[in-house]
Amino acid sequence: MSHTEPLKVVGVSGSLQSPSKTTALVRAILDQVADGAETETHLIELNELGPHLAGAVQRDQLPAVAEQELQRIEQADLLVVASPVYRATFTGLFKHLFDFVGQYALVDRPVLLAATGGSDRHALIIEHQLRPLFGFFQAVTLPLGIYASDADFQNYEISNPKLAERIELAVERARPFLGRQLEVARPAWW
Ligand SMILES: Cc1cc2nc3c(=O)[nH]c(=O)nc-3n(C[C@H](O)[C@H](O)[C@H](O)COP(=O)(O)O)c2cc1C
């Protein structure tokens, strides 16, 4: 079955800053996805959304703007999630956001993992922190993640052509997974 409606692609940047290398990376990935498919893209930036999450410990305490973003995440056909490395893992607000996402809301959902760090030393954040988190959700984490370090950017824009190539490759490898969840027949109790 092929998609007749645009693919709903939601990007999440866990950066707490603007401008942000992580947000630039997510934007580049979203643009690359949109280059080969009809998409409806939406970007969630934690530096903007974060203040709306603060203070809420239960989902029903969140303001409408945060609830709306959670629903976008839960209804996306593809998630592109990225965080800067903070103290060897994703930012606390990135985790706080996903703590509100329904436990079974992302089952079978393709998720492209990405991260930025000061150097390459924490590149395994993708395998050791991000992949297990989305494994918990039973999402389909895509085989190829994208890690970038400060040296890959100039003025918060991608300056290393090798990073651009990695984005292109990761997105091409993601394409066979897109739309797959539409073919899954859900049992009545789902
Ligand atoms: C509080 C804090 C902690 C950080 N911890 C790490 C770290 O453990 N490992 C690392 O490689 N970079 C670390 N960094 C550097 C950032 O991950 C890096 O500069 C990142 O690209 C920033 O992304 P942004 O521009 O999207 O905010 C840290 C930065 C901050 C502000």
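What residue, among those in the range 1-47 that are of a type in the set (D, E, K, R) and either assigned to a loop (DSSP other than H, G, I, E, B) or within 13 Å of the ligand (Cβ to nearest atom) (or both), is farthest from the chain's Cα centre (by Cα)?
If we filter the range 1-47 for residues that are of a type in the set (D, E, K, R), which is where we start, we get 5, 8, 21, 27, 31, 35, 38, 40, 45.
Checking the rest, the ones that are also either assigned to a loop (DSSP other than H, G, I, E, B) or within 13 Å of the ligand (Cβ to nearest atom) (or both) come to 5, 21, 27, 38, 45.
Details: E5: 21, K21: 14, R27: 11, E38: 18, E45: 10 Å.
The selected residue is E5.
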(message) Pairs please, first residue from the range 8-34 and free of Cβ contacts under 8 Å to residues at least 12 places away in the same chain, second anywhere and more than 11 Å from the ligand (Cβ to nearest atom), Cβ atoms under 9 Å, 6+ apart in sequence or on different chains.
(response) D31/T41; D31/I167
(request) Please name all residue pairs, on different chains or six or more residues apart, with Cβ atoms under 8 Å, provided the first residue is in the range 140-163 and is more than 24 Å from A76 (Cβ to Cβ) and the second residue is more than 10 Å from the ligand (Cβ to nearest atom) and part of a loop (DSSP other than H, G, I, E, B). (result) A151/N160; D152/S159; D152/N160; F153/S159; F153/N160
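So for the range 81-95 (the condition being farther than 17 Å from Q129 by Cα, within 14 Å of the ligand (Cβ to nearest atom) and hydroxyl-bearing (S, T, Y)), does at least one residue qualify?
No: the range 81-95 contains no residue that is farther than 17 Å from Q129 by Cα, within 14 Å of the ligand (Cβ to nearest atom) and hydroxyl-bearing (S, T, Y).
Residues of the range 47-78 being in contact (Cβ under 8 Å) with a residue 60 or more places away in the chain and of a type in the set (D, E, K, R), which ones?
Just the residues of the range 47-78 that are in contact (Cβ under 8 Å) with a residue 60 or more places away in the chain, to begin with: 72-73, 75-78.
Residues satisfying the conditions are R72, D77.
Rule-based calculations on the coordinates, nothing more; no lab input. A quick note: this is a predicted structure, and the numbers were derived from the prediction, not measured. No Cβ is skipped: glycine too gets one built from the backbone with ideal geometry, and neighbour counts run over all protein chains shown.
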